[in-house]
Amino acid sequence: MKTVLLVEDDSNIALAFGVRLKSMGYAVFTAKDAVSALSQVRKCNPDVVLLDISLPGGDGFTVAERVRNMVGSAATPVIFITASKKPGLKERALQLGAVGFLTKPFDATQLADAIEMALSPGDNWQPHLQPAQPQSA
Amino acid sequence: MNAAAPAQSFAGRQALRVLIIDDEPVDRERCVRFIKQIPGVDSNVIGVETIAEADQQLRLGRFDCVITDYHLSDETGLDFAAKHHDDGDPPIILLTGNGSETVVLEALRTGVADYLIKSSLTANGLQRAIQNAVEKSDLRDSVRARNETIARANQTLQKRSNEIQRFYHTVSHELKTPLTAAREFISLVVDGVAGDINDQQREFLVHAVDCCDQLAMHFNDLVETARFETGKLQLQRRPGRIEKVVLRAVFSVSAQANDRGVTLLHHLPPELPDVYMDDGRILQVVANLLTNAIKFTEPGGRIELTVTRADADHVQVSVQDSGCGIEPEHLDHIFERLYQVPRAEEHATGGGLGLGLCIAKEIVELHGNRLQVTSKRGQGSTFYFSVPVAHPHLPNPEETFQ
(Lines give C-alpha, C1' and ligand atoms only; values in the text may rest on other atoms or scores of the structure.)
Protein backbone atom coordinates (compact mmCIF):
# COMPACT_ATOMS: atom_id res chain seq x y z
CA MET A 1 0.00 0.00 0.00
CA LYS A 2 1.43 3.35 -1.04
CA THR A 3 1.73 6.03 1.59
CA VAL A 4 0.69 9.65 1.10
CA LEU A 5 1.60 12.48 3.45
CA LEU A 6 -0.92 15.30 3.21
CA VAL A 7 0.46 18.57 4.58
CA GLU A 8 -2.38 21.07 4.84
CA ASP A 9 -3.22 23.53 7.58
CA ASP A 10 -6.92 23.68 6.74
CA SER A 11 -8.47 20.84 8.72
CA ASN A 12 -11.47 20.49 6.37
CA ILE A 13 -9.29 20.10 3.30
CA ALA A 14 -7.13 17.62 5.19
CA LEU A 15 -10.18 15.63 6.34
CA ALA A 16 -12.03 15.62 2.99
CA PHE A 17 -9.05 14.70 0.86
CA GLY A 18 -7.72 12.37 3.55
CA VAL A 19 -10.95 10.37 3.31
CA ARG A 20 -10.76 10.49 -0.48
CA LEU A 21 -7.18 9.22 -0.55
CA LYS A 22 -8.06 6.37 1.80
CA SER A 23 -10.99 5.45 -0.44
CA MET A 24 -8.51 5.29 -3.31
CA GLY A 25 -6.48 2.77 -1.36
CA TYR A 26 -3.64 4.90 -0.02
CA ALA A 27 -2.35 4.95 3.52
CA VAL A 28 -2.72 8.57 4.59
CA PHE A 29 -0.74 10.60 7.10
CA THR A 30 -1.36 14.25 7.72
CA ALA A 31 0.53 17.25 9.06
CA LYS A 32 -0.73 20.75 9.80
CA ASP A 33 2.45 22.78 9.75
CA ALA A 34 6.02 22.86 8.49
CA VAL A 35 7.61 21.35 11.60
CA SER A 36 5.26 18.39 11.92
CA ALA A 37 5.49 17.87 8.15
CA LEU A 38 9.22 17.23 8.48
CA SER A 39 8.84 14.90 11.43
CA GLN A 40 6.10 13.00 9.59
CA VAL A 41 8.36 12.60 6.56
CA ARG A 42 10.99 11.05 8.83
CA LYS A 43 8.48 8.86 10.66
CA CYS A 44 6.29 7.49 7.88
CA ASN A 45 8.67 7.79 4.92
CA PRO A 46 5.84 8.58 2.44
CA ASP A 47 5.80 7.57 -1.22
CA VAL A 48 4.47 10.99 -2.13
CA VAL A 49 4.02 14.29 -0.28
CA LEU A 50 1.09 16.64 -0.94
CA LEU A 51 2.29 19.99 0.26
CA ASP A 52 0.28 23.15 0.74
CA ILE A 53 2.44 26.17 -0.11
CA SER A 54 1.11 28.43 2.62
CA LEU A 55 1.71 26.81 5.97
CA PRO A 56 2.20 28.04 9.50
CA GLY A 57 5.81 27.90 10.64
CA GLY A 58 7.48 28.10 7.22
CA ASP A 59 6.08 27.75 3.72
CA GLY A 60 5.78 24.60 1.65
CA PHE A 61 8.82 25.53 -0.41
CA THR A 62 11.00 25.53 2.70
CA VAL A 63 9.59 22.15 3.69
CA ALA A 64 10.32 20.75 0.21
CA GLU A 65 13.88 22.05 0.39
CA ARG A 66 14.41 20.36 3.74
CA VAL A 67 12.91 17.12 2.47
CA ARG A 68 15.34 17.24 -0.47
CA ASN A 69 18.23 17.37 1.98
CA MET A 70 17.00 14.50 4.15
CA VAL A 71 18.83 11.21 3.95
CA GLY A 72 16.49 8.65 2.39
CA SER A 73 13.84 11.21 1.42
CA ALA A 74 15.71 13.28 -1.12
CA ALA A 75 13.88 11.62 -4.02
CA THR A 76 10.38 11.66 -2.47
CA PRO A 77 7.99 13.13 -5.05
CA VAL A 78 6.32 16.33 -3.95
CA ILE A 79 3.02 17.76 -5.26
CA PHE A 80 2.33 21.33 -4.30
CA ILE A 81 -1.13 22.63 -3.45
CA THR A 82 -2.10 26.29 -3.44
CA ALA A 83 -5.12 28.54 -3.64
CA SER A 84 -2.99 31.35 -4.96
CA LYS A 85 -2.60 32.11 -8.65
CA LYS A 86 0.29 34.41 -8.02
CA PRO A 87 2.74 34.29 -10.89
CA GLY A 88 6.04 32.62 -10.11
CA LEU A 89 4.79 29.94 -7.71
CA LYS A 90 4.74 27.24 -10.35
CA GLU A 91 8.23 28.20 -11.48
CA ARG A 92 9.48 28.00 -7.92
CA ALA A 93 7.80 24.59 -7.48
CA LEU A 94 9.50 23.31 -10.63
CA GLN A 95 12.88 24.53 -9.41
CA LEU A 96 12.36 22.47 -6.28
CA GLY A 97 11.69 19.39 -8.40
CA ALA A 98 7.95 19.20 -7.83
CA VAL A 99 6.15 16.54 -9.84
CA GLY A 100 2.74 18.22 -9.62
CA PHE A 101 1.02 21.49 -8.89
CA LEU A 102 -2.64 21.64 -7.87
CA THR A 103 -4.52 24.92 -7.69
CA LYS A 104 -7.55 25.13 -5.43
CA PRO A 105 -10.28 24.41 -6.11
CA PHE A 106 -9.16 21.04 -7.42
CA ASP A 107 -11.14 17.83 -7.38
CA ALA A 108 -10.54 14.19 -6.64
CA THR A 109 -9.82 13.31 -10.26
CA GLN A 110 -7.09 15.89 -10.52
CA LEU A 111 -5.66 14.75 -7.21
CA ALA A 112 -5.71 11.12 -8.31
CA ASP A 113 -4.04 11.97 -11.63
CA ALA A 114 -1.35 13.99 -9.91
CA ILE A 115 -0.53 11.21 -7.44
CA GLU A 116 -0.54 8.55 -10.14
CA MET A 117 1.82 10.68 -12.18
CA ALA A 118 4.04 11.20 -9.16
CA LEU A 119 4.22 7.49 -8.43
CA SER A 120 4.79 6.42 -12.03
CA PRO A 121 8.40 5.90 -13.09
CA GLY A 122 10.06 8.82 -14.84
CA ASP A 123 9.58 12.32 -13.61
CA ASN A 124 7.26 13.89 -16.12
CA TRP A 125 6.30 17.32 -14.93
CA GLN A 126 2.56 17.66 -15.33
CA PRO A 127 1.16 20.77 -13.76
CA HIS A 128 -2.44 20.05 -12.88
CA LEU A 129 -3.73 23.48 -13.49
CA GLN A 130 -7.42 23.99 -13.72
CA PRO A 131 -8.65 27.57 -13.92
CA ALA A 132 -12.14 26.36 -13.08
CA GLN A 133 -12.27 24.66 -16.41
CA PRO A 134 -14.94 22.23 -17.38
CA GLN A 135 -13.72 18.69 -17.83
CA SER A 136 -13.88 17.43 -21.36
CA ALA A 137 -15.71 14.20 -21.96
CA MET B 1 0.59 112.53 -1.40
CA ASN B 2 1.39 109.84 -3.88
CA ALA B 3 -0.26 106.51 -3.57
CA ALA B 4 2.04 103.96 -1.97
CA ALA B 5 4.44 102.64 -4.56
CA PRO B 6 3.92 98.97 -5.36
CA ALA B 7 6.30 96.73 -3.44
CA GLN B 8 9.30 96.30 -5.66
CA SER B 9 11.13 93.09 -6.21
CA PHE B 10 13.69 91.54 -8.50
CA ALA B 11 13.02 88.17 -10.13
CA GLY B 12 10.30 87.61 -7.55
CA ARG B 13 12.50 88.21 -4.50
CA GLN B 14 13.15 90.97 -2.00
CA ALA B 15 16.68 89.81 -1.23
CA LEU B 16 19.31 88.60 -3.66
CA ARG B 17 22.40 86.67 -2.69
CA VAL B 18 25.11 86.45 -5.35
CA LEU B 19 28.54 84.84 -5.35
CA ILE B 20 31.21 86.31 -7.62
CA ILE B 21 34.32 84.33 -8.52
CA ASP B 22 37.01 86.45 -10.12
CA ASP B 23 40.68 86.86 -9.27
CA GLU B 24 40.84 90.34 -10.83
CA PRO B 25 39.84 92.73 -7.98
CA VAL B 26 38.82 95.45 -10.45
CA ASP B 27 36.50 93.18 -12.44
CA ARG B 28 35.10 91.73 -9.26
CA GLU B 29 34.35 95.11 -7.74
CA ARG B 30 32.68 96.22 -10.94
CA CYS B 31 30.31 93.24 -10.80
CA VAL B 32 29.57 93.91 -7.13
CA ARG B 33 28.76 97.53 -7.97
CA PHE B 34 26.49 96.59 -10.84
CA ILE B 35 24.56 94.17 -8.65
CA LYS B 36 24.27 96.66 -5.77
CA GLN B 37 22.66 99.06 -8.26
CA ILE B 38 19.74 96.69 -8.92
CA PRO B 39 16.67 98.56 -7.69
CA GLY B 40 14.03 97.06 -5.45
CA VAL B 41 16.10 94.30 -3.98
CA ASP B 42 18.36 93.92 -0.99
CA SER B 43 21.58 92.56 -2.52
CA ASN B 44 24.14 90.58 -0.64
CA VAL B 45 27.21 89.96 -2.79
CA ILE B 46 30.16 87.86 -1.80
CA GLY B 47 33.33 87.96 -3.87
CA VAL B 48 35.97 85.23 -3.88
CA GLU B 49 39.16 84.67 -5.90
CA THR B 50 39.34 80.91 -6.34
CA ILE B 51 37.11 77.94 -7.05
CA ALA B 52 38.21 76.41 -3.75
CA GLU B 53 36.84 79.42 -1.87
CA ALA B 54 33.69 79.34 -3.97
CA ASP B 55 33.11 75.67 -3.14
CA GLN B 56 33.53 76.59 0.50
CA GLN B 57 30.94 79.39 0.20
CA LEU B 58 28.44 77.09 -1.50
CA ARG B 59 28.81 74.63 1.33
CA LEU B 60 28.15 77.38 3.87
CA GLY B 61 25.05 78.98 2.42
CA ARG B 62 22.54 79.33 -0.37
CA PHE B 63 23.02 81.68 -3.31
CA ASP B 64 20.49 82.84 -5.86
CA CYS B 65 23.13 83.11 -8.55
CA VAL B 66 26.86 82.57 -9.13
CA ILE B 67 28.92 84.67 -11.53
CA THR B 68 32.27 83.21 -12.42
CA ASP B 69 35.19 84.27 -14.56
CA TYR B 70 36.51 81.68 -17.00
CA HIS B 71 40.22 81.98 -16.19
CA LEU B 72 40.94 81.40 -12.54
CA SER B 73 44.09 80.48 -10.69
CA ASP B 74 43.08 76.96 -9.56
CA GLU B 75 40.47 75.74 -12.09
CA THR B 76 38.35 77.24 -14.87
CA GLY B 77 34.86 78.59 -14.44
CA LEU B 78 33.66 75.63 -16.50
CA ASP B 79 35.20 73.16 -14.09
CA PHE B 80 33.22 74.89 -11.39
CA ALA B 81 30.02 74.75 -13.46
CA ALA B 82 30.56 71.05 -14.13
CA LYS B 83 30.71 70.38 -10.39
CA HIS B 84 27.62 72.40 -9.54
CA HIS B 85 24.85 71.63 -11.95
CA ASP B 86 22.67 69.42 -9.78
CA ASP B 87 19.07 70.11 -8.80
CA GLY B 88 19.03 72.89 -6.26
CA ASP B 89 22.39 74.36 -7.28
CA PRO B 90 22.23 78.08 -8.09
CA PRO B 91 22.32 79.14 -11.76
CA ILE B 92 25.80 80.04 -13.02
CA ILE B 93 26.69 82.91 -15.34
CA LEU B 94 30.07 82.64 -17.04
CA LEU B 95 32.21 85.68 -17.79
CA THR B 96 34.61 85.19 -20.70
CA GLY B 97 37.35 87.49 -21.91
CA ASN B 98 36.63 87.27 -25.59
CA GLY B 99 33.65 84.98 -26.05
CA SER B 100 35.65 82.30 -27.87
CA GLU B 101 33.31 79.89 -29.58
CA THR B 102 34.81 76.80 -28.02
CA VAL B 103 34.40 78.16 -24.52
CA VAL B 104 30.85 79.33 -25.17
CA LEU B 105 29.79 76.01 -26.64
CA GLU B 106 31.42 74.12 -23.81
CA ALA B 107 29.73 76.45 -21.34
CA LEU B 108 26.27 75.81 -22.74
CA ARG B 109 26.95 72.09 -22.82
CA THR B 110 27.99 72.16 -19.17
CA GLY B 111 24.69 73.74 -18.31
CA VAL B 112 25.62 77.30 -17.39
CA ALA B 113 22.60 79.57 -17.42
CA ASP B 114 24.21 82.32 -19.49
CA TYR B 115 27.53 83.81 -20.55
CA LEU B 116 28.67 87.42 -20.81
CA ILE B 117 31.65 88.94 -22.49
CA LYS B 118 33.76 90.88 -20.01
CA SER B 119 34.92 93.61 -22.34
CA SER B 120 31.36 94.67 -23.14
CA LEU B 121 29.84 94.10 -19.70
CA THR B 122 27.25 96.69 -18.68
CA ALA B 123 25.16 97.09 -15.51
CA ASN B 124 22.03 96.51 -17.52
CA GLY B 125 23.38 93.45 -19.29
CA LEU B 126 24.51 91.84 -16.06
CA GLN B 127 21.26 92.63 -14.28
CA ARG B 128 19.20 91.19 -17.11
CA ALA B 129 21.34 88.06 -17.24
CA ILE B 130 20.94 87.57 -13.48
CA GLN B 131 17.21 88.14 -13.67
CA ASN B 132 16.79 85.63 -16.50
CA ALA B 133 18.99 83.07 -14.86
CA VAL B 134 17.22 83.34 -11.50
CA GLU B 135 13.74 83.24 -13.00
CA LYS B 136 14.62 80.25 -15.17
CA SER B 137 16.11 78.46 -12.22
CA ASP B 138 13.01 79.19 -10.10
CA LEU B 139 10.82 77.84 -12.85
CA ARG B 140 12.92 74.68 -13.03
CA ASP B 141 12.66 74.30 -9.27
CA SER B 142 8.91 74.59 -9.33
CA VAL B 143 8.61 72.11 -12.21
CA ARG B 144 10.85 69.75 -10.30
CA ALA B 145 8.76 70.17 -7.15
CA ARG B 146 5.63 69.44 -9.14
CA ASN B 147 7.22 66.39 -10.72
CA GLU B 148 8.16 65.15 -7.30
CA THR B 149 4.59 65.64 -6.13
CA ILE B 150 3.34 63.70 -9.14
CA ALA B 151 5.90 60.96 -8.58
CA ARG B 152 4.83 60.70 -4.95
CA ALA B 153 1.15 60.56 -5.91
CA ASN B 154 2.00 57.91 -8.47
CA GLN B 155 3.84 55.91 -5.86
CA THR B 156 0.87 56.11 -3.54
CA LEU B 157 -1.43 54.89 -6.31
CA GLN B 158 0.94 52.06 -7.15
CA LYS B 159 1.02 51.06 -3.51
CA ARG B 160 -2.75 51.20 -3.31
CA SER B 161 -3.04 49.11 -6.44
CA ASN B 162 -0.71 46.49 -4.97
CA GLU B 163 -2.72 46.49 -1.78
CA ILE B 164 -5.92 45.90 -3.74
CA GLN B 165 -4.26 43.10 -5.64
CA ARG B 166 -3.09 41.54 -2.39
CA PHE B 167 -6.56 41.93 -0.92
CA TYR B 168 -8.11 40.11 -3.88
CA HIS B 169 -5.57 37.35 -3.44
CA THR B 170 -6.32 37.01 0.25
CA VAL B 171 -10.07 37.06 -0.26
CA SER B 172 -9.84 34.54 -3.03
CA HIS B 173 -7.55 32.31 -0.98
CA GLU B 174 -9.77 32.48 2.08
CA LEU B 175 -12.84 31.66 0.00
CA LYS B 176 -11.36 28.97 -2.18
CA THR B 177 -10.00 26.79 0.58
CA PRO B 178 -13.34 26.13 2.31
CA LEU B 179 -15.01 25.87 -1.10
CA THR B 180 -12.56 23.18 -2.17
CA ALA B 181 -13.24 21.29 1.04
CA ALA B 182 -17.02 21.68 0.72
CA ARG B 183 -16.95 20.45 -2.86
CA GLU B 184 -14.89 17.45 -1.88
CA PHE B 185 -17.12 16.52 1.07
CA ILE B 186 -20.12 16.59 -1.26
CA SER B 187 -18.26 14.62 -3.91
CA LEU B 188 -17.34 11.98 -1.33
CA VAL B 189 -21.02 11.46 -0.63
CA VAL B 190 -21.91 11.50 -4.35
CA ASP B 191 -19.24 8.89 -5.02
CA GLY B 192 -20.64 6.63 -2.32
CA VAL B 193 -17.55 6.83 -0.11
CA ALA B 194 -19.81 7.58 2.87
CA GLY B 195 -22.37 4.91 2.02
CA ASP B 196 -25.24 4.44 -0.40
CA ILE B 197 -27.47 7.32 -1.45
CA ASN B 198 -30.57 7.33 -3.60
CA ASP B 199 -30.83 8.83 -7.07
CA GLN B 200 -32.55 11.99 -5.99
CA GLN B 201 -29.98 12.63 -3.27
CA ARG B 202 -27.27 12.11 -5.84
CA GLU B 203 -28.95 14.51 -8.28
CA PHE B 204 -29.23 17.23 -5.65
CA LEU B 205 -25.66 16.80 -4.55
CA VAL B 206 -24.42 16.97 -8.14
CA HIS B 207 -26.21 20.31 -8.37
CA ALA B 208 -24.44 21.37 -5.20
CA VAL B 209 -21.09 20.49 -6.80
CA ASP B 210 -22.07 22.54 -9.86
CA CYS B 211 -22.81 25.46 -7.57
CA CYS B 212 -19.37 25.11 -6.02
CA ASP B 213 -17.84 25.21 -9.50
CA GLN B 214 -19.80 28.33 -10.33
CA LEU B 215 -18.60 30.01 -7.15
CA ALA B 216 -15.04 29.05 -7.95
CA MET B 217 -15.42 30.64 -11.37
CA HIS B 218 -16.66 33.88 -9.82
CA PHE B 219 -13.69 33.98 -7.45
CA ASN B 220 -11.38 33.52 -10.39
CA ASP B 221 -13.14 36.34 -12.23
CA LEU B 222 -12.53 38.62 -9.25
CA VAL B 223 -8.85 37.81 -9.01
CA GLU B 224 -8.40 38.01 -12.75
CA THR B 225 -10.05 41.41 -12.94
CA ALA B 226 -7.62 42.64 -10.32
CA ARG B 227 -4.81 41.19 -12.34
CA PHE B 228 -5.92 42.93 -15.55
CA GLU B 229 -6.20 46.21 -13.67
CA THR B 230 -2.67 45.93 -12.44
CA GLY B 231 -1.40 44.58 -15.76
CA LYS B 232 -0.24 41.35 -14.23
CA LEU B 233 -2.05 38.82 -16.38
CA GLN B 234 0.22 36.80 -18.62
CA LEU B 235 -0.85 34.37 -21.29
CA GLN B 236 0.65 30.94 -21.72
CA ARG B 237 0.36 30.71 -25.49
CA ARG B 238 1.32 27.79 -27.62
CA PRO B 239 0.03 26.23 -30.85
CA GLY B 240 -3.20 24.32 -30.29
CA ARG B 241 -6.43 23.10 -31.82
CA ILE B 242 -9.28 25.57 -31.63
CA GLU B 243 -11.80 22.77 -32.35
CA LYS B 244 -10.82 21.06 -29.12
CA VAL B 245 -11.27 24.22 -27.11
CA VAL B 246 -14.59 25.06 -28.75
CA LEU B 247 -15.96 21.57 -28.15
CA ARG B 248 -14.94 21.67 -24.50
CA ALA B 249 -16.72 24.99 -24.13
CA VAL B 250 -19.85 23.60 -25.80
CA PHE B 251 -19.72 20.56 -23.56
CA SER B 252 -19.35 22.66 -20.45
CA VAL B 253 -22.52 24.66 -21.12
CA SER B 254 -24.68 21.99 -22.76
CA ALA B 255 -26.47 21.12 -19.50
CA GLN B 256 -27.20 24.79 -18.99
CA ALA B 257 -28.60 25.10 -22.53
CA ASN B 258 -30.75 22.02 -22.00
CA ASP B 259 -32.14 23.36 -18.74
CA ARG B 260 -33.14 26.56 -20.43
CA GLY B 261 -34.61 24.79 -23.45
CA VAL B 262 -32.22 26.41 -25.89
CA THR B 263 -30.77 24.57 -28.88
CA LEU B 264 -26.99 24.80 -29.09
CA LEU B 265 -25.40 24.05 -32.46
CA HIS B 266 -21.80 24.21 -33.54
CA HIS B 267 -20.26 24.35 -37.00
CA LEU B 268 -16.63 23.39 -37.45
CA PRO B 269 -14.98 23.30 -40.87
CA PRO B 270 -13.13 20.02 -41.54
CA GLU B 271 -9.63 21.45 -41.84
CA LEU B 272 -8.37 24.11 -39.49
CA PRO B 273 -4.79 25.13 -38.82
CA ASP B 274 -3.34 25.20 -35.32
CA VAL B 275 -3.79 28.56 -33.65
CA TYR B 276 -1.40 30.32 -31.31
CA MET B 277 -3.33 30.75 -28.09
CA ASP B 278 -3.60 30.23 -24.38
CA ASP B 279 -6.13 27.41 -24.67
CA GLY B 280 -7.39 27.75 -21.10
CA ARG B 281 -8.07 31.45 -21.67
CA ILE B 282 -9.73 31.01 -25.06
CA LEU B 283 -11.88 28.28 -23.54
CA GLN B 284 -12.86 30.81 -20.90
CA VAL B 285 -13.82 33.34 -23.59
CA VAL B 286 -15.91 30.89 -25.62
CA ALA B 287 -17.61 29.47 -22.50
CA ASN B 288 -18.40 33.00 -21.37
CA LEU B 289 -19.92 33.96 -24.71
CA LEU B 290 -22.01 30.78 -24.73
CA THR B 291 -23.17 31.27 -21.14
CA ASN B 292 -24.23 34.82 -21.94
CA ALA B 293 -26.02 33.68 -25.10
CA ILE B 294 -27.95 31.06 -23.12
CA LYS B 295 -28.82 33.61 -20.47
CA PHE B 296 -30.28 36.06 -22.97
CA THR B 297 -32.05 33.59 -25.26
CA GLU B 298 -35.67 32.60 -24.65
CA PRO B 299 -36.59 28.94 -24.25
CA GLY B 300 -37.07 27.48 -27.74
CA GLY B 301 -34.37 29.77 -29.10
CA ARG B 302 -31.19 28.78 -30.80
CA ILE B 303 -27.47 29.45 -30.42
CA GLU B 304 -24.96 28.76 -33.15
CA LEU B 305 -21.25 28.60 -32.63
CA THR B 306 -19.30 28.87 -35.87
CA VAL B 307 -15.60 28.57 -36.50
CA THR B 308 -14.24 29.80 -39.83
CA ARG B 309 -10.90 30.47 -41.42
CA ALA B 310 -11.12 34.28 -41.56
CA ASP B 311 -7.96 34.78 -43.61
CA ALA B 312 -4.48 33.34 -43.99
CA ASP B 313 -3.50 34.43 -40.50
CA HIS B 314 -6.72 34.18 -38.50
CA VAL B 315 -9.39 31.77 -37.41
CA GLN B 316 -12.66 33.36 -36.38
CA VAL B 317 -15.01 32.14 -33.68
CA SER B 318 -18.53 33.54 -33.57
CA VAL B 319 -21.44 32.92 -31.22
CA GLN B 320 -24.81 33.89 -32.60
CA ASP B 321 -27.99 33.76 -30.58
CA SER B 322 -31.65 34.27 -31.40
CA GLY B 323 -32.17 36.16 -28.16
CA CYS B 324 -33.63 39.53 -27.35
CA GLY B 325 -30.73 41.44 -28.85
CA ILE B 326 -28.97 44.34 -27.23
CA GLU B 327 -30.36 47.86 -27.25
CA PRO B 328 -28.04 50.34 -28.95
CA GLU B 329 -27.62 52.26 -25.69
CA HIS B 330 -26.23 49.15 -23.99
CA LEU B 331 -24.11 48.04 -26.92
CA ASP B 332 -21.40 50.60 -26.24
CA HIS B 333 -21.09 49.56 -22.61
CA ILE B 334 -21.34 45.80 -22.51
CA PHE B 335 -17.58 45.29 -22.44
CA GLU B 336 -17.18 47.61 -19.48
CA ARG B 337 -16.36 46.15 -16.12
CA LEU B 338 -19.37 45.63 -13.83
CA TYR B 339 -21.83 46.59 -16.58
CA GLN B 340 -24.95 44.48 -16.68
CA VAL B 341 -27.64 44.47 -19.33
CA PRO B 342 -31.07 44.26 -17.71
CA ARG B 343 -32.95 41.12 -18.67
CA ALA B 344 -36.15 42.21 -20.35
CA GLU B 345 -38.36 39.31 -19.27
CA GLU B 346 -38.05 39.97 -15.58
CA HIS B 347 -36.35 43.34 -15.40
CA ALA B 348 -33.61 41.81 -13.39
CA THR B 349 -29.96 41.61 -14.29
CA GLY B 350 -28.73 38.49 -15.97
CA GLY B 351 -26.81 37.40 -12.91
CA GLY B 352 -23.07 37.12 -12.55
CA LEU B 353 -20.67 39.77 -11.41
CA GLY B 354 -20.60 41.76 -14.62
CA LEU B 355 -16.96 40.82 -15.14
CA GLY B 356 -17.18 38.07 -17.70
CA LEU B 357 -17.34 40.05 -20.94
CA CYS B 358 -14.75 42.50 -19.73
CA ILE B 359 -12.37 39.63 -18.99
CA ALA B 360 -13.19 37.98 -22.33
CA LYS B 361 -12.40 41.22 -24.13
CA GLU B 362 -9.06 41.57 -22.31
CA ILE B 363 -8.10 37.99 -23.14
CA VAL B 364 -8.89 38.44 -26.84
CA GLU B 365 -6.92 41.69 -26.85
CA LEU B 366 -3.94 40.00 -25.22
CA HIS B 367 -4.07 37.64 -28.21
CA GLY B 368 -3.75 40.69 -30.46
CA ASN B 369 -7.35 40.86 -31.64
CA ARG B 370 -10.68 42.41 -30.73
CA LEU B 371 -13.87 40.98 -29.33
CA GLN B 372 -16.71 42.44 -31.40
CA VAL B 373 -20.46 42.35 -31.40
CA THR B 374 -23.33 43.06 -33.76
CA SER B 375 -26.83 43.11 -32.49
CA LYS B 376 -30.32 44.21 -33.38
CA ARG B 377 -33.13 44.56 -30.95
CA GLY B 378 -35.35 41.49 -31.12
CA GLN B 379 -33.08 39.76 -33.61
CA GLY B 380 -30.33 38.36 -31.43
CA SER B 381 -26.66 39.15 -31.11
CA THR B 382 -23.46 37.85 -32.61
CA PHE B 383 -20.19 38.03 -30.71
CA TYR B 384 -17.05 37.20 -32.64
CA PHE B 385 -13.29 37.31 -32.36
CA SER B 386 -10.22 36.01 -34.18
CA VAL B 387 -7.28 33.99 -32.98
CA PRO B 388 -3.97 34.09 -34.85
CA VAL B 389 -2.93 31.02 -36.81
CA ALA B 390 0.18 29.40 -35.34
CA HIS B 391 3.13 29.69 -37.66
CA PRO B 392 5.62 26.93 -37.06
CA HIS B 393 8.59 29.29 -37.11
CA LEU B 394 7.18 31.50 -34.36
CA PRO B 395 9.27 31.40 -31.23
CA ASN B 396 7.28 30.10 -28.33
CA PRO B 397 8.90 31.04 -25.04
CA GLU B 398 6.09 29.81 -22.82
CA GLU B 399 6.34 26.29 -24.09
CA THR B 400 9.35 25.52 -21.95
CA PHE B 401 7.26 25.36 -18.83
CA GLN B 402 4.46 23.14 -19.97
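The values are calculated or read from the model by the stated rules, or taken from the named source; none is laboratory data. Here the structure is a predicted model, which means the values were calculated and not measured. Here the Cβ positions follow ideal geometry from the backbone for every residue, glycine too, while neighbour counts run over all protein chains shown.
Tabulated results
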item: Which listed residue, of B:99, B:47, is over 42 Å from the mean Cα position of the chain (by Cα), assigned by TED's automatic domain parsing to the domain that holds residue B:20, modelled with pLDDT of 90 or more and not in a helix (DSSP H, G or I); result: B:47
item: Test: residue A:104 is touching a His at 6+ places or on another chain (Cβ under 9 Å), modelled with pLDDT under 90 and within 14 Å of chain B (Cβ to nearest Cβ); result: yes
item: Of all residues in segment A:48-76 being of a type outside the set (A, V, I, L, M), outside any helix (DSSP H, G or I) and crowded, with 20+ Cβ neighbours inside 10 Å, the one that is modelled with the highest pLDDT; result: A:52
item: Criterion (in contact (Cβ under 8 Å) with a residue 40 or more places away in the chain and either at negative phi or in contact with an Asp or Glu (Cβ under 7 Å, 6 or more places away or on another chain) (or both)) met by exactly one of B:69, B:86; result: B:69
item: Condition met for residue B:362 (under 19 Å from residue B:279 (Cβ atoms), in a helix (DSSP H, G or I), of a type outside the set (Phe, Trp, Tyr) and at pLDDT below 90); result: yes
item: Residue in segment B:211-234 that is farthest from the other protein chains (Cβ to nearest Cβ), counting only those that are in contact with a Ser or Thr (Cβ under 6 Å, 6 or more places away or on another chain) and of a type in the set (A, V, I, L, M, F, W, C); result: B:219
item: So residue A:38, is it under 21 Å from residue A:26 (Cβ atoms), touching a residue at least 24 places away in the same chain (Cβ under 8 Å) and assigned to a strand (DSSP E or B); result: no
item: Any helices (runs of 4 or more DSSP H) falling wholly within segment B:221-334 and containing at least 3 residues that are among the β-branched types (Val, Ile, Thr) and closer than 19 Å to residue B:382 by Cα; result: B:242-260, B:279-295
item: Test: residue B:193 is surrounded by 14 or more Cβ atoms within 10 Å (Cβ to Cβ), outside the structural domain of residue B:91 (by TED's automatic domain parsing), more than 40 Å from the chain's Cα centre (by Cα) and outside any helix (DSSP H, G or I); result: yes
item: Options B:255, B:249, B:208, B:194: the member that is within 11 Å of chain A (Cβ to nearest Cβ), among the small types (Gly, Ala, Ser) and within 30 Å of residue B:168 (Cα to Cα); result: B:249
